Structures are given as structure tokens and as C-alpha cells.
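Data block below; observations after.
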Amino acid sequence: MSEAWWKRSVVYQIYPRSFCDSNGDGIGDLAGITARLDHLQQLGVDVVWLSPVYKSPNDDNGYDISDYRDIMDEFGTMADFDVMLAAMHERGLKLMMDLVVNHTSDEHAWFQQARRSRDNPYHDYYIWREPKDGREPNNWEAAFSGSAWEWNEATGEYYLHMFSRKQPDLNWENPKVRAEVFEMMQFWLAKGVDGFRMDVINMISKPYRADGSLPDAPVVRPGFLQPGFGLVTNGPRLLEFLREMKQQVLSHHDGITVGEAPLATITQGVEITHEDSGALNMLFQFEHMELDSVAGHPNGKWALKALDLRDLKATMSRWQDALHGRGWNSLYLGNHDQPRPVSRFGDDERWRVESAKMLGTWLHMMQGTPYVYQGEELGMTNMPFASVDDLRDIESINVYQVAVGERGEDPAQVFAAILAKGRDNARTPVQWDATPNAGFSSGRPWIAVNPNCSDVNAAQALADPDSVFHHYRRLIELRRRHPVIVHGRHALLLPDDPQVYAYTRTLGGQTLLVVCNFGDQSPSFSWPAPLRGSRASLLIANLAVAEPAVAADFTLRPYEARVYLCQGEAS
Ligand code: GLC
Ligand code: CA
């Protein structure tokens with residue numbers, strides 16, 4: 001059993017624009033992060049994943065990079081970065097950078113050159129195709145609506161952009177592109193960063209046919225563009241490119257790597273994270289994020305469906321079991337692209353605190369590296385945006401315009417889907433205290449602050465021993481103390497129960513029993529037969545419980561979560 005440090009770590013994600021603003025321009029910045037490191041230290045996390053801070057015109061809030069070796073003006077300077085990194089290291093925090101190399105900004109110097117002429121030395125850094133029958137080369141829709149192809153007058157070609165037209169995809173077939181990326185990674189590693197979160201990394205190898213064309217996507221929405229993602233998330237050279245990166249860069253550093261991998265299958269997960277033959281430590285898989293939308297619907301995540309807890313059990317268990325002893329899982333419920341977990345999977349009104357703690361418990365006791373997204377540790381909720389004008393995210397703004405304006409869908413229904421799933425839910429400012437703008441900024445924030453900030457904020461949470469924050473702190477501490485949480489083998493209990501999610505983790509004669517109520521009813525729980533009557537101690541719970549001397553059946557209260565450590569093996 002290898003004891004890589006990142007297997008014992010908990011990662012905290014910072015979305016810098018919304019974390020803390022130090023100079024009153026309404027935009028979070030690096031000095032703001034440095035000023036708030038106490039918060040992270042108190043929580044007890046080990047690693048910070050920092051969403052992009054590089055130079056960017058901000059078409060997609062920094063995920064469109066125009067210079068990989070410089071800092072975005074709004075966030076500060078390279079000197080501010082160095083101060084922040086040193087301050088993190090001083091506190092024993094590691095820093096994981098966001099590596100966005102499926103695409104650049106169209107304002108990156110490479111693309112500015114590339115688009116000038118077909119014989120420009122940078123032209124082949126990107127993906128160009130001739131028109132087909134006077135139109136776009138295929139039927140792909142970009143992630144942020146519209147065609148994935150944009151016309152470039154100077155060369156008489158289209159370029160590919162899987163995201164916005166200001167995010168042209170890099171041509172990874174070109175060895176110069178790979179060398180540039182690897183050198184850039186070295187640049188940051190030389191500064192002392194501790195690893196990379198790799199943006200949509202499973203999209204870098206495109207599925208070219210023998211004639212160099214890219215095939216049409218299956219038609220799921222006749223008469224319109226088609227989602228082409230399914231074709232590019234597992235391209236033929238993906239593993240080869242990642243292994244090259246490992247060999248050239250990653251293998252020379254004891255860093256942490258996590259690849260964002262939309263539509264990743266378990267096979268891909270095992271292959272890429274495999275301890276010996278893989279390339280990355282872990283992936284962000286998306287299967288559990290897709291269970292509350294209608295499978296196969298052309299509207300994708302916007303086609304809402306209530307979560308069936310049994311689906312979540314099946315999905316999580318498959319990943320837990322498949323990667324055990326072979327690869328490694330990342331554990332997440334939220335990030336800057338997802339709505340707030342307590343609003344999505346819990347109850348963000350009556351049971352906000354209870355359900356936020358239950359969800360954290362459920363996630364942190366699984367096998368893998370847990371990720372906490374800023375504000376999750378406070379039980380921050382989705383944002384009650386009043387209208388489309390309040391939105392800032394290119395994805396939501398564009399989907400509203402296309403769904404309503406072009407496809408004629410019902411505006412109220414489209415907006416309801418954005419309220420439930422839109423990325424801006426996670427991007428409202430972190431609520432630090434009950435002062436104006438929640439202590440995020442002395443100026444006007446770039447996106448509205450959630451009106452619940454007077455009750456839900458860090459100052460309140462730190463002062464209240466029963467807060468979501470202190471519960472997360474205890475969860476993180478438990479991981480440090482109990483190897484069974486890091487290494488134990490997972491087993492699902494009650495696969496068909498629609499409300500109680502229970503599982504065990506077993507290691508060396510000890511069993512961790514995790515029992516979570518995902519609803520507001522009061523179901524009963526019977527101990528699994530092999531553990532009945534065994535010695536059990538309560539490790540953590542989100543409601544007061546009289547600790548039993550031996551295992552005994554119990555009734556769960558709404559959103560209750562309990563974790564027991566038992567002497568004996570469950571199976
Ligand atoms: C990833 C990022 C997301 C971004 C997209 C394009 O999914 O997490 O925020 O919009 O890639 O870079
Ligand atoms: Ca600022």
C-alpha cells in the first residue's frame with residue numbers, strides 16, 4: 001500500500017474572483033487570498049486548488065488564457081503570487097495550479113499569429129478545417145452554445161473551439177504544442193507549485209478520421225447543432241499524450257495531479273489513474289453529477305430530473321470499487337461549475353445545517369481525496385437570481401438566449417433550470433461576515449452577494465461549535481487519525497433503500513460504518529448482521545447521539561448522519 005501524500009490530503013478550491021477582494025474594486029484577488037489563509041488553516045485542509053489566475057480577457061473567467069506565464073491584472077502581479085505561495089508554504093499548505101491547455105484565449109500570442117496566414121509558424125498550433133459545402137466542417141455545438149467552428153477570414157478556414165469562440169482548441173498532434181505546454185508546466189513547478197488540476201484534459205486528443213476530418217456527432221436534436229463532446233472526451237492519443245507529460249514533467253516531481261474528465265467512464269478512470277501504467281493521480285469524473293438530469297436529453301444538464309438516491313449509490317459504488325487498489329478517486333460534490341451541494345442534494349432551508357453536514361460526512365468518509373469548494377464549508381446555498389440580467393456566466397447567458405430565442409423554449413422553464421444548475425450559483429462572493437457585501441469587498445462586487453449572508457457567514461460559523469464549518473474541520477481531522485478512512489475497502493449496504501445511504505470501509509479488522517439519511521423522514525436502520533453486538537464507537541455525527549456501548553438499531557432523524565468505528569469486519 002503506497003502512502004502518497006495526496007492520498008491523505010484534503011483539497012480546498014479557491015475561485016479567486018469570488019474569494020476575497022483586497023482593494024475594493026469588487027473583484028477577488030491574490031492579496032485577498034493571502035489575507036484569508038487563516039481560514040484554510042483552521043479548517044485543516046492540506047492543498048489549495050487555485051482556479052486560473054493567468055492573464056485573460058475573461059470571456060470565461062480566466063479559463064481563456066492569453067499568457068500562461070503572467071498574472072491577470074485584476075488579480076494582482078507575479079510578486080503578489082510569490083507572496084501568496086510563500087505564505088501558503090509557510091503554513092504547510094500546498095498549491096495546485098489550474099492547467100488549462102485544451103484551449104487558449106483567442107488573444108493568446110500563439111493564436112494571434114496562427115490566424116494570420118496558413119504558413120505562419122504558429123498556424124498549426126490550432127485546429128483548422130476548410131468549409132464543407134460552404135459551411136462549418138461538421139455539426140458540433142460548442143459547450144457555450146453556437147457552432148464549435150468559427151470562421152477566420154484571413155486564412156479562409158474555420159477553427160475549432162469546444163467552448164466559446166474566444167477559446168480556440170490547441171492542436172495536441174503538433175509536438176511543438178506539447179513541448180510548449182510541458183515547458184510552461186516546468187516554469188510553474190520551478191516557482192514551487194505542488195501540482196496541477198487539468199482542465200477538460202480528456203478532450204485534448206481529437207477523433208480524426210484517416211482523411212483528417214472530424215466526424216459529425218449523432219443527431220439528437222434534429223434541425224439544430226449537436227453536442228459533440230461524446231466524440232472528443234476519449235480520443236485515440238489521450239493516454240499517449242498524458243504519458244508523455246508524465247515522463248517529461250510529472251515524474252520528476254512529487255506533485256498532485258487531477259484531471260477534469262467529463263463523460264469519463266470507469267475504464268478510462270482506471271486506465272488514467274492506474275498506479276503503475278497510468279498518468280495522473282486522479283480524475284474528476286462526472287457520473288454522479290449527471291444523475292439529476294434526464295439521461296440522453298439534448299438539453300443535457302438543463303433537462304432537470306429529481307435524483308434517485310439508488311442511482312447515486314450505484315454510481316459512487318462502482319467508482320469506489322473499481323479504483324480500489326488500482327487507481328485513486330477524487331471526491332467532490334461541488335465546484336465552480338456546479339450548483340451548491342446543500343441546495344442540490346440537501347435542503348437549503350429548514351435543514352440547511354443538518355443536510356450540509358450530512359453531505360460532507362457522506363463524501364469525506366469515502367475512499368479518495370476530498371475536495372471542498374469555497375463556501376461549501378459554510379453551507380453556502382444557491383443564489384436566488386431575479387432575472388437573466390443578474391447572471392454573469394457565459395454558459396447560462398448563452399443557453400438562455402439560444403433556448404428561448406432560437407429554439408422557442410418556455411423562458412420561465414429555462415430560467416428555472418438556470419436557477420437550479422447555473423454555474424453562477426457557486427460564484428457569488430464568499431460570505432465572510434455580516435458587514436456590507438459579506439466582508440468580501442468594500443466596493444461593488446462583480447456578482448451579487450447572496451442575501452442570506454447575514455446568517456450564513458464565516459464569522460458566525462467559526463463562533464458556533466455546531467456549525468457546518470466545525471463539522472467539516474472534524475471530518476478532515478478524522479481522516480488524519482484513521483487509516484481506515486484513507487485505505488479501507490468500501491462496501492455498499494442497502495442498495496435499494498431510496499432514502500438511507502449506508503456503507504462500510506474495512507481495514508485490518510476495523511470497520512467504519514457510515515449511515516446517512518438523505519431525506520426529511522425518519523427511517524430506521526438495522527446494523528449489518530456481521531457487526532451486530534460488536535464494540536462500536538461513534539466517530540462523528542451531525543446530531544446529538546447518546547453513544548452506545550455496542551451496536552444497536554436506531555431511527556434516523558431528518559438528514560441525520562452517523563459514523564461508527566467497529567471492531568470486526570463487515571464482510
Ligand atoms: C472546465 C472548467 C470550466 C470552464 C471549461 C472551459 O470545465 O471547469 O469552468 O468553463 O473547462 O475551460
Ligand atoms: Ca480586487
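The values are calculated or read from the model by the stated rules, or taken from the named source; none is laboratory data. All values derive from a computational prediction rather than experimental measurement. Cβ coordinates were reconstructed from backbone atoms using ideal geometry, including for glycine residues, and neighbour counts include every protein chain displayed.
I need a count of the residues in the stretch 436-447 that are part of a loop (DSSP other than H, G, I, E, B) and over 16 Å from F19 (Cβ atoms). Number satisfying all stated conditions: 1.
Counted as qualifying within the stretch 1-111 are the strands (runs of 3 or more DSSP E) with 2 or more residues that are more than 22 Å from A459 (Cβ to Cβ), namely 47-50, 67-71, 94-99.
Scanning the stretch 317-349 for residues that are surrounded by fewer than 22 Cβ atoms within 10 Å (Cβ to Cβ) and among the hydrophobic types (A, V, I, L, M, F, W, C) yields one hit, A322. Per this entry, P168 is counted among residues that are more than 21 Å from the chain's Cα centre (by Cα) and buried (at least 23 other Cβ atoms within 10 Å of the Cβ). When we screen E349, E271, E275 for residues that are away from ligand 2 (no atom under 16 Å from the Cβ) and in the same structural domain as S18 (by TED's automatic domain parsing), the only hit is E349. Here A31, A109 are screened, and the one residue that is away from ligand 1 (no atom under 14 Å from the Cβ) and either within 21 Å of H336 (Cα to Cα) or surrounded by 24 or more Cβ atoms within 10 Å (Cβ to Cβ) (or both) is A31. For the stretch 435-456, a residue qualifies if it is away from ligand 2 (no atom under 16 Å from the Cβ), closer than 22 Å to L37 by Cβ and surrounded by fewer than 23 Cβ atoms within 10 Å (Cβ to Cβ), and exactly one does: T435. The residues on offer are A148, A114, and the sole one that is at pLDDT 95 or above, touching a helix residue (DSSP H, G or I) at 6+ places or on another chain (Cβ under 8 Å), buried (at least 18 other Cβ atoms within 10 Å of the Cβ) and not assigned by TED's automatic domain parsing to the domain that holds V53 is A114.
Can you confirm whether L37 is touching a residue at least 24 places away in the same chain (Cβ under 8 Å), out of contact with any Leu (no Cβ under 9 Å at 6 or more places or on another chain), more than 15 Å from ligand 2 (Cβ to nearest atom) and more than 30 Å from R165 (Cβ to Cβ)?
Details: touching a residue at least 24 places away in the same chain (Cβ under 8 Å): yes; out of contact with any Leu (no Cβ under 9 Å at 6 or more places or on another chain): no; more than 15 Å from ligand 2 (Cβ to nearest atom): yes; more than 30 Å from R165 (Cβ to Cβ): yes.
When the stated conditions are applied, L37 does not pass them.
Across the stretch 392-411, which residue is nearest to ligand 1 (Cβ to nearest atom) among those that are among the hydrophobic types (A, V, I, L, M, F, W, C) and crowded, with 21+ Cβ neighbours inside 10 Å? Ranking the qualifying residues of the stretch 392-411, first place goes to I394. Quick check: anything in the stretch 350-362 in a loop (DSSP other than H, G, I, E, B), more than 16 Å from ligand 1 (Cβ to nearest atom), surrounded by fewer than 24 Cβ atoms within 10 Å (Cβ to Cβ) and not aromatic (F, W, Y)? There is at least one residue in the stretch 350-362 that is in a loop (DSSP other than H, G, I, E, B), more than 16 Å from ligand 1 (Cβ to nearest atom), surrounded by fewer than 24 Cβ atoms within 10 Å (Cβ to Cβ) and not aromatic (F, W, Y). Looking at E136, is it within 16 Å of ligand 1 (Cβ to nearest atom), under 23 Å from V219 (Cβ atoms) and either touching a residue at least 24 places away in the same chain (Cβ under 8 Å) or not polar (S, T, N, Q) (or both)? In short, no. The residues in the stretch 386-435 that are part of a loop (DSSP other than H, G, I, E, B), closer than 18 Å to L304 by Cα and of a type in the set (V, I, T) can be counted, and the count is 0. Among the residues making up the stretch 393-435, those that are closer than 15 Å to F19 by Cα and of a type outside the set (A, V, I, L, M) are D424, N425, R427, T428, P429, Q431, W432, D433.
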